[in-house]
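Report on one structure; see the data block that follows.
The values are calculated or read from the model by the stated rules, or taken from the named source; none is laboratory data. In this text, all values refer to a predicted model and were calculated from it rather than measured experimentally. Cβ placement follows ideal geometry from the backbone for every residue including glycine, while neighbour counts extend to all protein chains displayed.
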């Protein structure tokens, strides 16, 4: 859903001018659209209507409490990958019984806390984790609900850093090993087998890899059924991409149709869990920044802005593309700029070779930054992380204050 539009040359989020957000809360600043977040979540929920399902938002994409609370009010489940993310969900009003806990390195204390609050399922990613979980839950005299995350060795055809379904990946259990591990889990006193999980990557822009992965998972479900191991759900993971630079990812309805058609053809009625993150939050957010300096070095022009790689890491980490738009459209001859931040790294860039008509002091909006923006932000160079603002119609709400520099070292101590 597009909630960032120009009106009379001014860029708006819903009915709020972004220049007014910058005036009220400064820059850099993340701005989210409530309407876009809710519409994107509902698109998934409605696409799977008629089949028992649960949409579990991937918290790693955007963990702001206001974002999580909005989705919890809609009835969303949540996919977490740490104890901290679990606590965020609970603090935001999410229901523990709608939480799936993924991740390759769960600690014992995280397992204990998840069991205490009664999560829906642990997505177990190794034999060692399964054994640890059985031991931990035994000490608590409870049974842990478990789905094994299987690795189907499917190429998601995405960036190698966010491709998780190949046999070389650290994630999941080789699908060929799954029958043996399910049989082992069945003998464990403190494990309750509830499902199977599969996640092949992120920013996937075609349906084929999802269908291939599900087909292999359904083969496993059939094999387990013959062994007397009956599951209650299939978790197909997340990974559906968004259009950063002209990509044409399938709409949630097309994605759901492909999965449900395969389920029907294979005669499967198991509950489906899905874990979208980027596809819900990505285009619902933008990062506001101000041009501090215009600089020319040799043949290159630089627009030095007050946002940096610590605020939005994706360009430096993945060479990811984000559209960069002026908050105030002006007429004039454009120049080609490297849009860079003040961090002392050559990799600190937000956009290469962008044609812009700008001056010092102008505001820019870095688009499609609602996912993996603030959630990956850091304090590198002792930089305070940005404020976060939620726009709701004609209203703006500060949902996270800008960090204070003094708070960044408040927990540190001098030697006596």
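Just a few scattered comments:
- Conditions (1) buried (at least 23 other Cβ atoms within 10 Å of the Cβ); (2) touching a strand residue (DSSP E or B) at 6+ places or on another chain (Cβ under 9 Å); number of the one not met by residue 72: (1)
- Within the range 88-108, the set of residues being outside any loop (DSSP other than H, G, I, E, B) and out of contact with any helix residue (DSSP H, G or I) (no Cβ under 8 Å at 6 or more places or on another chain) comprises 97, 98, 100.
Per-residue answers, yes or no, for (1) under 23 Å from the mean Cα position of the chain (by Cα); (2) surrounded by fewer than 23 Cβ atoms within 10 Å (Cβ to Cβ); (3) at pLDDT 95 or above:
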| position | (1), (2), (3) |
| --- | --- |
| 90 | yes, yes, yes |
| 109 | no, yes, yes |
| 136 | no, yes, no |
| 143 | no, yes, no |
| 146 | yes, no, yes |
| 155 | yes, yes, no |
| 163 | yes, yes, no |
| 172 | yes, no, no |
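- Criterion (crowded, with 24+ Cβ neighbours inside 10 Å and closer than 26 Å to residue 312 by Cβ) met by exactly one of 101, 57: 57
- Scanning the range 1-21 for residues that are part of a strand (DSSP E or B) and surrounded by 14 or more Cβ atoms within 10 Å (Cβ to Cβ) yields 4, 10, 11, 12, 13, 16, 17.
- Screening residue 57 against (1) on the phi < 0 side of the Ramachandran plot; (2) assigned to a loop (DSSP other than H, G, I, E, B) leaves a single unmet condition, (2).
- Residue in the range 267-278 that is in a helix (DSSP H, G or I), crowded, with 24+ Cβ neighbours inside 10 Å and modelled with pLDDT of 95 or more present: yes
- Neighbours by Cβ (under 7 Å, 6+ apart or cross-chain): first from the range 7-20, at positive phi; second surrounded by fewer than 20 Cβ atoms within 10 Å (Cβ to Cβ): 9/328; 9/329; 14/35; 14/393
- Residues satisfying the stated conditions in the range 358-416, i.e. farther than 25 Å from residue 294 by Cβ, assigned to a helix (DSSP H, G or I) and either touching a strand residue (DSSP E or B) at 6+ places or on another chain (Cβ under 6 Å) or in contact (Cβ under 8 Å) with a residue 40 or more places away in the chain (or both): 374, 375, 376
- Residues satisfying the criterion are present in the range 318-325 (criterion: at positive phi and at pLDDT below 95).
- Residue within the range 337-350 that is assigned to a strand (DSSP E or B), surrounded by fewer than 22 Cβ atoms within 10 Å (Cβ to Cβ) and either more than 26 Å from the chain's Cα centre (by Cα) or on the phi > 0 side of the Ramachandran plot (or both) present: yes
- Answer from 50, 84 - the residue that is over 17 Å from residue 274 (Cα atoms) and not assigned by TED's automatic domain parsing to the domain that holds residue 123: 84
- So residue 72, is it in a helix (DSSP H, G or I) and in contact (Cβ under 8 Å) with a residue 60 or more places away in the chain: no
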